1. How would you rank 103-109, 14-20, highest first, on the average number of other Cβ atoms within 10 Å across their residues?
2. Return the carbon/sulfur percentage of the accessible area of the chain, one whole number, probe 1.4 Å, all protein chains in place.
3. So what's the angle, to the nearest 10 degrees on a 0 to 90 scale, between helix 76-85 and the longest Cα principal axis of the chain?
4. Under a 10 Å cutoff between Cα atoms, tell me which one of 54, 38, 30 has the largest fluctuation in the Gaussian network model of the chain.
5. If you roll a 1.4 Å probe over the heavy atoms of the protein chains, what accessible area per residue do you get for the chain, in Å²?
6. About the Cα centre of the chain, how large is the charge dipole given +1 on each Lys and Arg Cβ and -1 on each Asp and Glu Cβ? Please answer in debye to the nearest 20.
7. On a 0 to 90 degree scale, rounded to 10, what angle separates helix 25-37 from the longest Cα axis of the chain?
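The values are calculated or read from the model by the stated rules, or taken from the named source; none is laboratory data. This one's a predicted model, so the numbers in the text were calculated from it and none came from an experiment. All Cβ positions, even for glycine, are placed from backbone atoms using ideal geometry, and neighbour counts span all protein chains on display. SASA here: full protein model, heavy atoms, side chains in, ligands and nucleic acids out. Shrake-Rupley method; radii C 1.70, N 1.55, O 1.52, S 1.80 Å.
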Amino acid sequence: ARTRQFDKAMGLVGKMKIEGLKPNVKTLTSLINACTSSGRGDVALEVWRSGLASNPKADGRARLAVLRASTQQGQWDDALAILEDGGDGNKKEIFTGRELMEGYDEVMHASMARSEYGVA
């Protein structure tokens, strides 16, 4: 079922691009979530790097989705950078307090699950 979700999401975004439509932040965030849920954090990170990372409208929800993909791939430095400065070095307030706590919780649980105790 999750692979089907991934395939549908990738197909939809591909069709949008063929039709000349540019996916917005919400669409790309949904694609990142679908990739991560399907175990394809590598693809999720590529979606992020291919344009969403430099989009000033990439909000806390988008960055949490990327954080999950980063933890799935064991990229702890990237995940922590997202929490510290939004992942783009701008040091601006991106996360709500709840999103920030959710992000730290994600890093802690993911690192513990991988027995990487120094991260948590």
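1. On the way: 103-109: 15.6, 14-20: 9.4.
Most protected by this proxy first, the peptides run 103-109, 14-20.
2. Working: 3630 of 7130 Å².
Exposed carbon and sulfur together represent 51 percent of the surface.
3. Result, in degrees: 90.
4. For the chain, modelled as a Gaussian network with Cα springs under 10 Å, the answer is 54.
5. Working: 7130 Å² over 120 residues.
The answer is 59 Å² per residue.
6. Details: 17 positive and 16 negative charges, 132 e Å.
It works out to roughly 640 debye.
7. 70
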